[in-house]
Amino acid sequence: MGERVRALADLPARTREVLLCVIGEYIATGQAVASRSALRLADLGVSAATIRATMNELMDAGLLAQVHASAGRTPTDAAFRLWVDFLLGTPGEVRRVGRGVEARLGEPEGDLDEYLRRAADLLSQATGQVGFFVGLEFERQRLQRVHFVRVSSERVMALLVSDGGAVRSRLIEEAESDQRALDRISTRVSEVVAGHSLEEARQRLADEIHTERLRSDALWRASLVLCAEGLVSDDDEELYIADRSALLRQPEFSDVEQLRHLLAALEEKERMLRLLNKIMRADGLQVVIGRELEDPGVQLCAVVTAGLGGSPPIGGLGVIGPVRMRYDRVIPLVRRVSERVGEALV
């Protein structure tokens with residue numbers, strides 16, 4: 001069995017059972033699994049020698065690893081990939097999420113960003129991993145409309161709505177225009193920027209400002225300047241990572257140097273956005289394991305994430321944690337919470 005195994009079903013039944021037992025025990029304890037433990041857990045009615053031979057076959061196939069000759073075995077990233085692909089392909093095998101999780105999430109009240117942060121925090125609590133929310137590349141999305149709303153005597157909020165339904169807001173210092181005037185400005189500016197990215201929209205507004213300067217239409221030029229301020233990118237809420245202390249409870253990160261590298265990666269916003277944006281190019285729920293992340297700082301980790309807001313997604317929710325993760329619990333939790341949040345965004 002030295003060739004690459006492409007699916008869990010490709011393994012003989014006994015070999016598959018031993019592999020799943022090793023995976024389950026390793027997830028539960030974080031320790032290498034001895035053949036005696038596998039014999040007890042598998043309960044296959046075979047000898048210890050048969051179990052050892054089967055584990056050796058799994059090592060030859062690259063699904064188990066052994067630090068040294070007298071040590072037990074640990075599942076490799078490839079073994080976890082087989083299990084995850086099996087879970088994703090057979091939803092009926094994945095345990096259902098309890099209603100309590102949805103009840104704790106509740107409904108959005110007021111600030112949508114706060115609701116998204118609450119969802120990421122809930123995923124952290126429910127899975128024991130590090131939850132996150134990411135807003136995907138709003139700069140590259142096409143604008144559908146811009147709307148200006150007076151929120152105080154001194155401030156106006158610009159609401160930028162993309163054709164995918166994503167919304168970004170920006171507060172602007174402005175005390176002159178009443179709401180009726182702001183509505184007229186919103187309509188006219190939306191005609192200018194609709195169908196364009198933020199970068200393109202800013203350029204079109206700059207061209208309009210230049211044209212109006214030549215026409216000496218001071219009032220409209222001032223309105224355009226207001227709109228240009230509203231289109232300045234503000235990505236403070238683009239990435240939210242929940243309580244990182246969950247990592248401290250994982251034996252994989254008892255090595256201080258490994259933990260330091262991981263925490264450094266989580267703190268580098270651009271690095272994490274680049275990583276998560278790449279993962280979420282595809283539709284649906286995604287699970288990326290270990291070296292598949294293509295970042296040495298997080299190669300001991302896995303990411304489970306689901307897109308929000310249709311195809312292509314406008315954001316995503318998920319968790320990041322060690323490869324040794326209860327995917328049979330984490331996957332349905334991420335799926336259900338993201339579905340509920342997605343419903344709130346419609």
Legend entry - Filter result (within 17 Å of R324 (Cα to Cα) and in contact (Cβ under 8 Å) with a residue 24 or more places away in the chain) within segment 246-285: A246, L247, R249, Q250, P251, E252, F253, Q258, L262
Inset, instruction - Please verify whether segment 313-325 includes one or more residues that are at pLDDT below 90 and not in a loop (DSSP other than H, G, I, E, B). - result: yes
Legend entry - Positions within segment 253-301 being among the hydrophobic types (A, V, I, L, M, F, W, C) and in a loop (DSSP other than H, G, I, E, B), in sequence order: M280, A282, L285, L300
Inset, instruction - Return a yes/no flag: does segment 196-206 have any residue that is within 21 Å of the chain's Cα centre (by Cα) and at pLDDT 80 or above. - result: no
Inset, instruction - List the number of the failed condition for V303; all other conditions in (1) at pLDDT 85 or above; (2) more than 13 Å from the chain's Cα centre (by Cα); (3) not hydroxyl-bearing (S, T, Y) hold. - result: (2)
Inset, instruction - Would you check if V156 is surrounded by 14 or more Cβ atoms within 10 Å (Cβ to Cβ), aliphatic (A, V, I, L, M) and farther than 19 Å from G315 by Cβ? - result: yes
Inset, instruction - Check whether at least one residue in segment 171-179 is surrounded by 13 or more Cβ atoms within 10 Å (Cβ to Cβ) and either modelled with pLDDT of 90 or more or part of a loop (DSSP other than H, G, I, E, B) (or both), and report yes or no. - result: yes
Inset, instruction - Could you please tell me which pairs satisfy a Cβ distance under 9 Å, a separation of 6+ or placement on different chains, a first residue in segment 22-35 that is outside the structural domain of Q250 (by TED's automatic domain parsing), and a second residue that is part of a helix (DSSP H, G or I) and among the basic types (K, R)? - result: S35/R52
Legend entry - Lone unmet requirement of (1) buried (at least 19 other Cβ atoms within 10 Å of the Cβ); (2) of a type in the set (A, V, I, L, M); (3) modelled with pLDDT under 80; (4) within 30 Å of E114 (Cβ to Cβ) for L273: (1)
Inset, instruction - Take S190 and decide whether it is farther than 19 Å from G309 by Cα and without any contact (Cβ under 8 Å) to a residue 40 or more places away in the chain. - result: no
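The values are calculated or read from the model by the stated rules, or taken from the named source; none is laboratory data. Nothing here was measured: the structure is a model prediction, and the numbers come from that model. Here Cβ is always computed from backbone atoms with ideal geometry, including for glycine, and neighbour counts include all displayed protein chains.
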